[in-house]
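Remarks on the structure that follows.
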Amino acid sequence: MCGIIALSDPRLSTPEITDLGTRMLDVTSHRGPDNRGMWSAPPVFLGHNRLSIIDLSAASNQPMTYYGCTITYNGEIYNYVELRNELKQDGYTFHTVGDVEVILAAYHRWGAACVERFIGMWAFVISDDAAQSLFCSRDRFGIKPFHYIYRDGRLHIASEIKALKISPLFRSNINEAQVARGLYLGWMHHWDETYYEDIKALPAGCNLTLVDEKISITQYAHIDTETTSPLTFHEHAEQFREMFTDSIKLTVRRDVEMGVCLSGGLDSTSIASALASSTGENRVKTFTAFYTGKGDVDERPYIDHVLAAYPQIEAHYISPTDADVAEALEKIVWMMDAPMPSSSYISQYFVMKLAAQHGVRVVLDGQGSDEILGGYMHSMYRIIADYLRDFDFSGGLGEWTAHSSRQSFPFSKKIDVLAKSVLASVRDEPALYDFEYRRTYPWIMKKSASAFPITVDMPRGTRFNAFLYNLIHVTLLPTLLHTEDLNAMAFSIESRVPFLDHRLVQLCFSMPNSHRVHRGETKRVLRAAMRGIVPDQVLDRKDKTGFVTPGHIRWLRGALSHTLDGDWRELEGYVDKSALENVLRRYRAGYNKHALFVWRLAMLRKFLSLR
């Protein structure tokens, strides 16, 4: 994990482009404290802040040149050992033992198609002398960030938005449509859109090429949402176990200290347990945030079962106080480059801080599991909807009954689940999200919802697969990965997400619905695959708590109450003042139904005050 800067700007002189690149590297120095490298061949400048993870020697510093191509790169290609051996058979020689040189050789050998052979996470820019071009790529799921400004043939690229804000191309116009999406849906990006009109994000699974001062963007990665595998459930469970274990073995490749972000839930416990049982790691450090106030979540009892099963796991805990949160807020807001849609990202920040205090440079995290396996409770609406669409009413009734019983729902909640399931059976994903967008919270924007479009895909296949597809590409995972990266890099840590091995993702999408969710049991195939590896007490949990924090109510009414003070003039151009005052007045009076919405308003205000 590192920080990259790339500039192609014929209007800047050599001293000017070097000065700008240097200042942009300064802004993101936290991403790579081990080395800074710069390369310039006007009109191109490449810069790199290195966090040394594999091949710690100076030989793997960047920018690196090989076969007339120079690269600045952030990420890890986990299968670089296998690719290097294949390339050696084709006559390539290597002078380093890391993955950077392998990317350059692979690009020289296979061109743009090289990225289709990579297993890992990446954002890179290659300056190709022979083609007189820039070739840029972002990994299949957008794990690594890639932001840019392009105007009039001038292209400025950076890992973080804050670096682009000092570019002469930057204009501070806020993307009002993204303000609305952030408030009502909690999205920090929308496809290529950010909170700034001028700054774009290269979409996941895409390449960008600059030739003759013109850019083109092509998608190289796709998820097949409609081909169903004929394997039995037990065969899928076995295949999942083998593939997940292989993903873990690849993602642990490193030359530095590593740990696991352990929440106590199924996903992170599966990672920690597989790491301890299948990789030969004789010491596994884990890091957990917990809270012990009234109504707060403390997952340590579940973690105790993991510790009993695997004595080599060394658990570390942090419980941020209200004072800790208040002190850290300004830095976290600055790091995020967008308003925080949930207070859970503050807990994540403190987990990364704890990991850094224990000398860890790489962490494994469970992001992606819910999105490929249907871990969220609102997956059930699409599961039941698919039964209804197949006219299997008894199957739908059985699923609805089992889900309601498993979660101990009262009658009103049972009816709510049924109504939403019926709605999901007759409306596609774009219509469902449009419905949520307009009706979840009181509309306080000055313009109507129709003025701020949202784009959700409707791929072929089941309603369930369409829902998960959008979780990955549009609605949730891009925000989770954005915050994961920035919270980790705040402490110069590389975060890796084994569930987002593209082979594992495609395997899950090829399974029948019932192999992932069945009779109210979510992530069914993962539970079966991990039986005997993960303690039963964790495998058999029925609750889904998420990364719960006291933020929306206790923090916002206590240590962070100052974020609600004042006249709120920062939002004047976007929201109706009287409607805003009504929402705030009800919240201050103890009305908590829209507490998350008030949190988003407060964080939008903080973001706008710092821009």
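Would you say Ala112 is assigned to a helix (DSSP H, G or I), hydrophobic (A, V, I, L, M, F, W, C), assigned by TED's automatic domain parsing to the domain that holds Glu86 and touching a residue at least 60 places away in the same chain (Cβ under 8 Å)? Spelling it out, Ala112 is indeed assigned to a helix (DSSP H, G or I), hydrophobic (A, V, I, L, M, F, W, C), assigned by TED's automatic domain parsing to the domain that holds Glu86 and touching a residue at least 60 places away in the same chain (Cβ under 8 Å). Of note, Lys606 satisfies the criterion of being out of contact with any Phe, Trp or Tyr (no Cβ under 9 Å at 6 or more places or on another chain) and crowded, with 17+ Cβ neighbours inside 10 Å. Here is the figure for region 596-611: residues that are over 16 Å from Arg554 (Cβ atoms) and without any contact (Cβ under 8 Å) to a residue 60 or more places away in the chain total 2.
Is it the case that some residue within region 565-577 is over 19 Å from Ile174 (Cβ atoms), part of a helix (DSSP H, G or I) and in contact (Cβ under 8 Å) with a residue 24 or more places away in the chain? No: region 565-577 contains no residue that is over 19 Å from Ile174 (Cβ atoms), part of a helix (DSSP H, G or I) and in contact (Cβ under 8 Å) with a residue 24 or more places away in the chain.
Set side by side, the residues Leu432, Leu481, Leu486, Leu471 differ, and just one is out of contact with any helix residue (DSSP H, G or I) (no Cβ under 8 Å at 6 or more places or on another chain), closer than 27 Å to Tyr195 by Cβ and surrounded by 20 or more Cβ atoms within 10 Å (Cβ to Cβ), which is Leu481.
Of the residues Ser412, Ser421, the single one that is small (Gly, Ala, Ser), free of Cβ contacts under 8 Å to residues at least 60 places away in the same chain and out of contact with any helix residue (DSSP H, G or I) (no Cβ under 6 Å at 6 or more places or on another chain) is Ser412. Please tell me if Lys331 is of a type outside the set (A, V, I, L, M), in contact (Cβ under 8 Å) with a residue 40 or more places away in the chain and surrounded by fewer than 18 Cβ atoms within 10 Å (Cβ to Cβ). The answer is yes for Lys331. Residue under question is Tyr67, and the condition is that it be hydroxyl-bearing (Ser, Thr, Tyr) and modelled with pLDDT of 95 or more; does it hold? Criteria not met by Tyr67. Number of residues in region 29-47 that are touching a residue at least 40 places away in the same chain (Cβ under 8 Å) and exposed (fewer than 15 other Cβ atoms within 10 Å of the Cβ): the value is 2. If you go through region 378-395 and pick out every residue that is buried (at least 22 other Cβ atoms within 10 Å of the Cβ) and of a type in the set (Lys, Arg), you end up with 1. All conditions but one from (1) basic (Lys, Arg); (2) within 17 Å of Leu183 (Cα to Cα); (3) touching a residue at least 12 places away in the same chain (Cβ under 8 Å) apply to Lys593; the one that does not is (3). So which residues in region 292-344 are within 24 Å of the chain's Cα centre (by Cα) and hydroxyl-bearing (Ser, Thr, Tyr)? Listed by number, the residues that qualify are Tyr317, Ser319, Ser342, Ser343, Ser344.
One line per residue, one yes/no per condition, for (1) touching a residue at least 24 places away in the same chain (Cβ under 8 Å); (2) closer than 15 Å to Leu7 by Cα:
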residue: Ser60; (1), (2): yes, no
residue: Thr70; (1), (2): yes, yes
residue: Ile77; (1), (2): yes, no
residue: Glu86; (1), (2): no, no
residue: Gly91; (1), (2): no, no
residue: Val100; (1), (2): yes, no
residue: Ala106; (1), (2): no, no
residue: Met121; (1), (2): yes, no
residue: Cys136; (1), (2): yes, yes
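Scanning region 302-324 for residues that are in contact (Cβ under 8 Å) with a residue 12 or more places away in the chain and in a helix (DSSP H, G or I) gives Tyr302, Ile303, His305, Val306, Ala308, Ala309, Asp322, Ala323, Asp324. The single condition among (1) modelled with pLDDT under 95; (2) aliphatic (A, V, I, L, M); (3) assigned to a loop (DSSP other than H, G, I, E, B) that Val360 does not meet is (1). Exactly one residue out of Asp26, Asp19 is under 26 Å from the mean Cα position of the chain (by Cα), charged (D, E, K, R) and loosely packed, with under 15 Cβ neighbours inside 10 Å: that is Asp26. Checked against (1) among the hydroxyl-bearing types (Ser, Thr, Tyr); (2) within 23 Å of Trp122 (Cα to Cα); (3) over 23 Å from the mean Cα position of the chain (by Cα), Ser137 passes all but a single condition, namely (3). When Ile161, Ile143, Ile149 are checked against the criterion of being buried (at least 19 other Cβ atoms within 10 Å of the Cβ), more than 30 Å from Gly573 (Cα to Cα), aliphatic (A, V, I, L, M) and in the same structural domain as Tyr92 (by TED's automatic domain parsing), Ile143 stands alone in meeting it. Out of Val115, Val125, Val179, Val97, one residue alone is hydrophobic (A, V, I, L, M, F, W, C) and more than 17 Å from Ile77 (Cβ to Cβ). It is Val179.
The values are calculated or read from the model by the stated rules, or taken from the named source; none is laboratory data. Not measured: the values here are computed from a predicted model. A quick note on method: Cβ atoms are made from the backbone with ideal geometry, for glycine too, and the neighbour counts reach across all protein chains shown.
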